[in-house]
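The values are calculated or read from the model by the stated rules, or taken from the named source; none is laboratory data. As the structure is a computational prediction, the values presented were derived from the model and not from experiment. Just so you know, the surface numbers come from the protein's heavy atoms only, side chains and all, with ligands and any DNA or RNA stripped out. Shrake-Rupley method; radii C 1.70, N 1.55, O 1.52, S 1.80 Å.
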Amino acid sequence: MLLENYKINELNQESLQDHQRKFGLVASSVKNLDEVIQKLMDFQIAIPSWALGTGGTRFARFSGGGEPRSLEEKIEDVGLLHALNGSSGAISLHIPWDIPQNPKAIKALAAQYGLRFDAMNSNTFQDQPGQQHSYKFGSMQHTDKAVRKQAVEHNIDVINYGIELGSDSINVWLSDGSSFPGQLNFRKAFQRTLECLQEVYAALPDNWKLFVEYKAFEPNFYSMTVGDWGQSFNYATKLGPKAYTLVDLGHHLPGANIEQIVSLLLMEGKLGGFHFNDSKYGDDDLTVGSINPYQLFLIFNELIEGMNARGMNHATDLGWMIDASHNVKDPLEDLLQSVEAIKIAYAQALVVDANALEAARESNDVVQAQELLQEAYRTDVRPLVAEARLRAGAALQPFQAYRNLKVRDQLIKERGLKTVATGL
Ligand code: AFD
Ligand code: MN
Ligand code: MN
């Protein structure tokens, strides 16, 4: 446990005075300041287990050193992130990559770091060693009932692992679809997939949620069987009240208005949560906020408006998760940057003058509406995010602390340079 020998607050001394000055400046302009800080403290983002190591592309994987070699080490890494930023209090597992050999011990280890298990992720996009039926032509859409049965059984296994770990949701992303015109009967693919999802849904405990994640393309490049928000919403509606749509920011065609999609899914009570990342061309899985931070802010603006309209708890009523893949960065530094970007966008959206914005909209005052949004977006809310960390007993500047502690060097010393692929 890397951080046992470090007192986080000792890391803050050198910058505490500077922070207090900056915080004082921005705090004076924020109404209900303590409520905003508390919301920021409560807001936790789940870390995907597969993002703790170097990802790679279909062309190559250039692994770094000191990456986790086991589920225990993945939990340790998320525990380290959470100790530094006070905002990564959950880990999302991917089965079979993260099958817990001893669930009780794994659950206890996570609790030691203050972590809970967020959504479980199933995998019917790869054939595993010894698997009886191949997913080459899809899983839940497959023409062969035996393949569909295998996919359903795998998802039910994933639910059972999650129950043992205290998770309460499963995310189903299907790579199913077609690569060429004529390959697939779209109606049959939809109906077969729905029947399989209904069997998985029937296995859900009462307090569980099932997220149906859509994606416009990749690995199929002509059609996807859960290809857009409308298809996902259709499945989720037909499945029932425990099924929701999961929005992965990288899963849209270029130019899609994601903030509008989010607003309408929220209106229907069918928004399950997010996989946060950023992208310029496709499912690039880049660091959150690194390409289009304004879109991220606009999404949060719709989320807060929609959640407040439904009396929802921002921190607990939706699934907040990063889903990214790192190829050239230290995975932990990338994740620290991603969590910070999410918190900043959330804080900016929290300081929007919502009443004035609605009044501007109702009077068709287009310029004033834009001014109000940009006023919030251009507010430097980083001291608010830092204050929330400070009050949570975390580091004032997590990234700097990570560097000052030379964490990666320590992990390389502890785990060596050789790393094993840990997922995507
Ligand atoms: C890939 C898919 C999808 C899924 C993730 C984890 O595109 O986003 O949620 O893997 O399975 O990124
Ligand atoms: Mn995803
Ligand atoms: Mn993806």
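Its DSSP H runs of at least 4 residues, each contributing -39,500 (n - 2.57), put the calculated 222 nm mean residue ellipticity of the chain at -15000 deg cm²/dmol, to the nearest 500. Once backbone amide H atoms are built at 1.01 Å from N, GLY319 has GLY273, PHE274 as its partners under 5 Å, excluding neighbours fewer than 5 places away on the same chain.
For SER92, the residues whose modelled amide H falls within less than 5 Å of its own, excluding neighbours fewer than 5 places apart on the same chain, are ILE47, SER49, ASP118.
Normalised Debye scattering of region 33-79 at q = 0.21 Å⁻¹ gives log10 I(q)/I(0) of -0.77, counting only Cα atoms as equal scatterers and leaving out solvent. Using a cut-off of 30 Å between Cα atoms, the listed pairs LYS209/LYS406; LYS31/LYS107; LYS104/LYS329; LYS107/LYS188; LYS74/LYS343 include LYS209/LYS406; LYS31/LYS107; LYS104/LYS329; LYS107/LYS188 as exceeding that distance. Taking N as the residue count of the chain, its C-alpha radius of gyration divided by 2.2 N^0.38 Å amounts to 0.99.
Evaluating 6.51 cos²θ - 1.76 cosθ + 1.60 at θ = phi - 60° for every residue in region 175-183, the Karplus couplings come out as 7, 4, x, 8, 9, 9, x, x, 5 Hz, glycine and proline recorded as x. No solvent, one uniform scatterer per C-alpha: report log10 I(q)/I(0) for region 175-276 via the Debye equation at q = 0.12, 0.19 1/Å, two decimals. With no solvent term, the Cα-only Debye profile gives -0.39, -0.95. Take every pair of alpha-carbon atoms less than 8 Å apart whose residues are at least six positions apart; their mean separation over the length of the chain yields a relative contact order of 23 percent. Under 5 Å between amide hydrogens, built in the peptide plane, is the criterion, and for HIS326 it picks out GLY55, GLY56 among residues at least 5 positions away or on other chains. Its residues counted as N, region 288-327 yields a C-alpha radius of gyration over 2.2 N^0.38 Å of 1.39.
Computed with a 1.4 Å probe on the full set of protein chains, the accessible area for TYR294 sits at about 70 Å². Note on region 180-221 and region 60-126: Cα centroid distance 26 Å, given to the nearest whole angstrom. As a ratio to 2.2 N^0.38 Å, the alpha-carbon radius of gyration computed for region 38-193 takes the value 1.19.
Residues in the chain average 44 Å² of solvent-accessible surface per residue, probe 1.4 Å, ligands and nucleic acids excluded. Legend: residues TYR222, TYR402, TYR201, TYR281, sorted from most to least accessible area (1.4 Å probe; ligands, DNA and RNA excluded), read TYR281, TYR222, TYR201, TYR402. Keeping the other protein chains in place, figure out the carbon and sulfur percent of the accessible area of region 8-415, with a 1.4 Å probe. That fraction is 51 percent. The value given for region 201-248 is a Kirkwood hydrodynamic radius of 11.3 Å, derived from the mean inverse Cα-Cα separation. Summarising the strand pairing of region 152-303, around 20 percent of its internal DSSP beta bridges are antiparallel.
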